[in-house]
Each structure stands twice: as C-alpha cells, then as structure tokens.
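**Student:** To start, I am sharing the structure in question, which I have written as structure tokens.
Each value in this text was obtained by applying a stated rule to the coordinates, not by laboratory testing. Keep in mind the model is a prediction, meaning the values are calculated, not measured. Methodologically, a virtual Cβ is constructed for each residue, glycine included, from the backbone with ideal geometry; neighbour enumeration extends over all protein chains shown.
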C-alpha cells in the first residue's frame, strides 16, 4: 500500500527560490499537495509557477500576507510540512526603507511559528540567509560563525533566525534553520546582481558594480538549493530538527569576476563595466562550509559556476517579456 502524499505549505513560494522549489518538488513528486501563500509583492510572480502544476489538481494558491494570523493558522492547520521562504530580501532597499523588512521577516515569521505551535506539523523548514553572518571571519564559514548582520535586511533575517531557534527550545518546534548562500538562476528579480548584469549586457547597458567589485560571494545555482531542501524533507527528522545548516558550494568568486564571466559569455566588451560608490553595510566575503550539509543531508552542490551562469543567461535570453516587466518594477534609491 503506497504512503499517503504529504501536504506542503510554502510561504513566499511565488518568489525566486520558492517558485523554483515548488516546481522542483512537483517534477519529482507530482502527487504532493502544495499550498502556496504569497502576498505577491513586486518580487512575487505567479507566472514563475509551472502551468502544468497550476492545472494538475494538487496546487492551491492563497493571496495573503504572513503577518495575518487568520489565513496563516488556517493553512498551517491543513499542512504536514511548512517551508517558510516569505521575506523581504533586497539589501539595498532595506537601507533606505527598512520598516517593512522587520514587519515581514520578524513579525511574519513569529506569526507562522505561532501557527505551527497551535497546529503542529511534522517539520517546519525556516529559510534564513548567509547574510546573518556578516563578513567572513573564518574560511570557510561554518554554522558556529558569529552572527554579525551588516544591513537592516540581514538584521531582520538574523532576528527571524534566532526567533525560530528560541521556539525550538521553548515550544519544541520541529524546525530546521537553513542558511542558503548567494543563489542565482531562472526567475530571479533584476534587483539582484547576476540577473541585473545579464539583462544589462543583453541591452548593451553598463553593468554597475559597487566599489572595486572585489567583494566575493559563494554563488550557488538555485536547482542545487532545491535538491538540498528536498533532502531536508526526506531525511530522518532527528538528523535535521533543531539544526542550522548552511547551503553553499565552498568556493567564492568576486562580483567583478562574475560580471566579466557574463560579458564573455555574451561576447560583450569589458568597457560596459561601470564602478560606482560602495554600498553601505557591504559584506566583503562569504564562503560556506559544506561539512554539515554533507553530514546531515548527504548532499553537496553539483552545478559549477560556469554551467549555472550559462543556464541562467539562457533563461533571460529566452524570456525577455518576463524580465521587461521586472524592469518596470526595478527599485533604485
């Protein structure tokens, strides 16, 4: 007799990583019931969800905000597993307009966590961020690295991260905290560096780089993140509940080298590079330890940077209508 399919509640699943995750899960487990809760802010787009999934009878979309307890409690009560992506996530935007970051990322997370306390689930996966660490003090950065957030966005994510940690210990919340490093890939909003560079290069516009461009990041293709989260859902619960786990590649590449790779792949001149004033609260380096993700999940990233960039460039080259709409909503200070 086959096992009954689980019901998965995904908050913020119309955004970049969330939509890639939902599509990945549907491809692998087409009978999984998926409930999507999303406020459809500028970064959320239902067009990111596979049309096949939206019509297969195993998907329901709910338009709502995670700060509203009524809808959150209703949906959590119907779920077996909650994967919590919903957050404001643009570092520069947080510097100039930060109140919404704390409302969504901290208060919203508290509402979702309270709903799980009131309506217990098998597993609560909280998507945190490598930004909570600030600049690398060690090479690589493991999960015991101090949390030194350097922007309001990072501080809000650190607050949510520690809120879930406290609920694990106070309320026995069956949670795991996941800290992805810099993701990139299809359907990422143009406010992020890699899609911004690609779209600018496609239009022969300058690629603007903060400071000297030597700040480096651990760049991970989003499909690898989705595979890792799949492992989280299907690993023995006692191996993940109560843990904080980094998801990264273990290598870092500077922002200016990313821009150069994109220009080379598109056969564009490096004269398109344009250096501007550095951003306040800039993190100079991120590089993930991969030991814990391997030990807990038996997982490591598979897609190298060049392959991931090629795939990403192909998406933006072939989906001009998608990103032209994003350009209309692009926020600049």
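**Student:** Quote the FRET efficiency, to the nearest 0.05, computed for residue 62 versus residue 172 with a Förster distance R0 of 41 Å and r equal to the Cβ-Cβ distance.
**Tutor:** 0.90
**Student:** Now, a different point. In nm, what is the difference between 0.36 nm times the number of residues separating residue 117 and residue 325 and their Cα-Cα distance?
**Tutor:** 71.0 nm
**Student:** So, one more: If packing is taken as the average count of other Cβ atoms within 10 Å, what order do 128-135, 140-147 fall into, highest mean first?
**Tutor:** 128-135, 140-147
**Student:** What label, among (1) 128; (2) 191; (3) 159, belongs to volume of the Cα convex hull per residue in Å³ computed from the structure on display?
**Tutor:** Structure-derived value, by its label: (1).
**Student:** Continuing with this model, one more query. Determine, for 165, 42, the number of other Cβ atoms within 10 Å of each Cβ, and report the residues in order from fewest to most.
**Tutor:** Final ranking by Cβ density, sparse to dense: 42, 165.
**Student:** Please figure out what share of the DSSP beta bridges in the chain is antiparallel and state it in percent, rounded to the nearest 5.
**Tutor:** Of the beta bridges lying entirely in the chain, close to 5 percent run antiparallel.
**Student:** Another question about this same structure. Roughly how many whole Å is it from the C-alpha centroid of the stretch 161-196 to that of the stretch 208-261?
**Tutor:** Here the answer is 11 Å between Cα centres.
**Student:** Between the helical axis of 305-318 and the dominant principal axis of the chain, each derived from Cα atoms, what acute angle in degrees is found, rounded to the nearest 10?
**Tutor:** The two axes meet at around 90 degrees.
**Student:** A further question on this structure: Which value results for Rg/Rh of the stretch 1-57 when Rg is the Cα radius of gyration and Rh the Kirkwood radius based on the inverse mean 1/r?
**Tutor:** Value, to two decimals: 0.99.
**Student:** When 252, 238 are ordered from fewest to most other Cβ atoms inside 10 Å of their Cβ, what list results?
**Tutor:** Least to most surrounded, the residues fall as 238, 252.
**Student:** Taking only C-alpha pairs under 8 Å that are 6+ residues apart, what is the relative contact order of the stretch 200-287 in percent?
**Tutor:** Across the stretch 200-287, relative contact order equals 55 percent.
**Student:** How large is the helix-only mean residue ellipticity at 222 nm for the chain, computed as the sum of -39500 (n - 2.57) over DSSP H runs with n ≥ 4, divided by its residue count, in deg cm²/dmol to the nearest 500?
**Tutor:** -11500 deg cm²/dmol
**Student:** Arranged from highest to lowest average of other beta-carbon atoms within 10 Å per residue, in what order do the peptides 103-115, 25-37 appear?
**Tutor:** Averaged packing, sorted descending, gives the order 103-115, 25-37.
**Student:** So, one more: Need the full-extension length gain, residue 318 to residue 239, defined as separation in residues times 0.36 nm minus the C-alpha distance. One decimal, nm.
**Tutor:** Net length gain for the segment: 24.4 nm.
**Student:** Tell me, 187, 296, 200 in order of fewest to most beta-carbon neighbours within 10 Å?
**Tutor:** Ascending number of Cβ neighbours within 10 Å: 296, 200, 187.
**Student:** Could you grab the relative contact order for the chain? Cα pairs under 8 Å, six or more apart, rounded to a whole percent.
**Tutor:** Normalised by residue count, the contact order of the chain is 18 percent.
**Student:** Once you keep just the Cα pairs under 8 angstrom separated by 6 or more residues, what percentage relative contact order results for the stretch 173-329?
**Tutor:** Computed over the stretch 173-329, the figure is 36 percent.
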